[in-house]
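The values are calculated or read from the model by the stated rules, or taken from the named source; none is laboratory data. Keep in mind that what you see is a predicted model, and the values were worked out from it rather than measured. Every residue, glycine as well, gets a Cβ built from its backbone with ideal geometry; the counts of neighbours run over all protein chains shown.
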Amino acid sequence: MPNLFGRNYSKRELLDLVGDISQVAHTRKTATTEGIERGADLIEVFDASGLCFSVLPGRALDIASAHYKGISLCFRSNTGDVGPSFYEAQGYGWLRGFFGGLTTTCGLTFTGHPEVDPEVENEPLGLHGRLAFLPAKNVAVENGWEGEEYITRIRGQMREALVFGTNLELRREIVTVLGEKRLRIHDRIENLGVDPSPLMFVYHTNPGFPLLDGGSRVLIHSTLTTEWLADAEVGPEVYSTVQRPQETPGDAVFVHRPLADGEGNVHVGLINDALATGMYWKYPLAEMPLLNQWQHFHRGTYVMGIEPGNASMLGRAWNRKHGYLQQIQPGEVREFHLEIGVLDGAAEIAGFEKYFPPA
């Protein structure tokens with residue numbers, strides 16, 4: 001039953017109040033035709049709960065922008081929604097099409113800074129892999145009532161393939177329910193090839209201003225956290241408070257081994273107490289045992305990455321050394337689930353904080 005404007009509505013009550021359901025929920029497919037956004041295309045999702053976002057079929061059905069009641073939930077870079085034909089695979093060329101967004105998915109066979117893996121391809125691997133630039137096919141948008149819930153589903157398929165090599169297929173579904181301040185992503189990866197393949201899969205989510213601001217709090221319950229340069233253990237005092245934009249550019253990356261709740265789910269939060277608003281991430285620990293956190297608090301590119309995955313963002317060598325480099329066998333299927341939602345008001349924030357007991 002949709003909860004809108006402070007009350008619950010039955011299907012019949014809501015239909016009595018609108019000429020068409022698009023007054024309170026709709027999706028719209030459009031084409032991007034100008035400049036380097038050609039081919040990215042666009043699916044716009046509107047929900048009267050206040051949650052609105054855009055999906056790019058030409059870019060792996062990633063979520064390029066998202067807002068809640070006019071508040072941006074993510075960082076947007078200066079590249080715009082670059083179309084897939086403009087992908088530069090070499091070195092750091094990936095950054096020429098990094099729009100930021102709510103999700104930029106990394107993989108399928110590699111994530112990390114450019115490197116050569118002599119044990120597999122023995123050739124240069126570009127930043128964060130190819131997935132984020134793969135266009136989806138068989139894209140479908142479905143809207144409709146399921147009982148007393150009005151549900152939007154966006155589906156599509158991507159494939160990373162190489163003759164004589166990789167043949168991995170990703171089937172993605174994004175689901176929202178009218179009146180809920182959350183979206184859910186379900187990804188299903190199958191190895192259609194005849195050989196095992198490395199599987200490195202990370203959701204590069206990118207919260208930005210205004211949720212990300214000086215003094216915003218990052219809530220992560222971790223059994224162990226290490227920083228990226230010396231692999232040294234660090235505590236929450238290093239990564240849990242957001243800084244204001246800095247004059248000098250610099251990055252920090254932390255790899256968390258998060259702790260799950262009694263149902264096996266990890267919870268992560270970003271809270272802006274001044275706005276009484278936050279965002280949360282929820283996902284099964286068994287599917288994604290690592291949480292990467294990227295901090296880039298430089299003025300003009302003021303962004304943080306909350307990046308759950310089955311691998312770290314530190315490349316093949318780090319993941320192999322620490323026992324996190326996974327293989328997907330021929331015919332094997334792996335599934336990943338991620339929920340991203342909004343916390344609106346002090347009461348919802350306090351309710352979420354139950355997942356983070358005092359030390």
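Here is how the numbers come out for the structure above:
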quantity	calculated
S222 touching a His at 6+ places or on another chain (Cβ under 7 Å) and either at pLDDT 95 or above or under 30 Å from Q329 (Cβ atoms) (or both)	yes
Segment 311-327, residues that are hydrophobic (A, V, I, L, M, F, W, C) and either within 19 Å of the chain's Cα centre (by Cα) or loosely packed, with under 15 Cβ neighbours inside 10 Å (or both)	A311, M313, L314
Every residue from segment 191-212 that is assigned to a strand (DSSP E or B) and either out of contact with any Lys or Arg (no Cβ under 8 Å at 6 or more places or on another chain) or farther than 24 Å from N138 by Cβ (or both)	N191, S197, P198, V202, Y203, H204, T205
Qualifying residue in segment 37-46 (condition: closer than 30 Å to G97 by Cα, free of Cβ contacts under 8 Å to residues at least 60 places away in the same chain and assigned to a helix (DSSP H, G or I))	yes
Yes/no for I43 being surrounded by 21 or more Cβ atoms within 10 Å (Cβ to Cβ), modelled with pLDDT of 95 or more and touching a helix residue (DSSP H, G or I) at 6+ places or on another chain (Cβ under 9 Å)	yes
Number of positions in segment 251-289 that are without any contact (Cβ under 8 Å) to a residue 40 or more places away in the chain, among the aliphatic types (A, V, I, L, M) and under 19 Å from I185 (Cβ atoms)	3
Unique residue being part of a loop (DSSP other than H, G, I, E, B) and either surrounded by fewer than 21 Cβ atoms within 10 Å (Cβ to Cβ) or touching a residue at least 40 places away in the same chain (Cβ under 8 Å) (or both) when the list is P330, P308	P330
Among the candidates G70, G93, G80, residue that is surrounded by fewer than 21 Cβ atoms within 10 Å (Cβ to Cβ), closer than 26 Å to D344 by Cα and either of a type outside the set (A, V, I, L, M, F, W, C) or without any contact (Cβ under 8 Å) to a residue 12 or more places away in the chain (or both)	G70
Single match in T248, T223 (criterion: part of a strand (DSSP E or B) and surrounded by fewer than 17 Cβ atoms within 10 Å (Cβ to Cβ))	T223
Residues of segment 199-218 satisfying the condition of being under 24 Å from A350 (Cβ atoms), out of contact with any helix residue (DSSP H, G or I) (no Cβ under 7 Å at 6 or more places or on another chain) and of a type in the set (A, V, I, L, M)	L211, L212
Long-range neighbours under 6 Å by Cβ, at least six apart or interchain, first residue of a type outside the set (V, I, T) within segment 209-232, second surrounded by fewer than 13 Cβ atoms within 10 Å (Cβ to Cβ) and assigned to a loop (DSSP other than H, G, I, E, B)	G214/R244
Residue within segment 291-302 that is farther than 30 Å from T248 by Cα, modelled with pLDDT of 95 or more and either in a loop (DSSP other than H, G, I, E, B) or out of contact with any Asp or Glu (no Cβ under 7 Å at 6 or more places or on another chain) (or both) present	no
Members of segment 137-180 found to be buried (at least 17 other Cβ atoms within 10 Å of the Cβ), assigned to a loop (DSSP other than H, G, I, E, B) and of a type in the set (G, A, S), listed by number	G179
Flag for T27 being surrounded by 18 or more Cβ atoms within 10 Å (Cβ to Cβ) and modelled with pLDDT under 95	no
Residue within segment 131-143 that is in contact with a Cys (Cβ under 8 Å, 6 or more places away or on another chain) and over 28 Å from A25 (Cα atoms) present	yes
Lone qualifier among L343, L275 - being more than 24 Å from E121 (Cβ to Cβ), in a strand (DSSP E or B) and at pLDDT 95 or above	L343
Those residues of segment 24-47 which are in contact with a Leu (Cβ under 7 Å, 6 or more places away or on another chain), small (G, A, S) and farther than 15 Å from V141 by Cα, in sequence order	A40
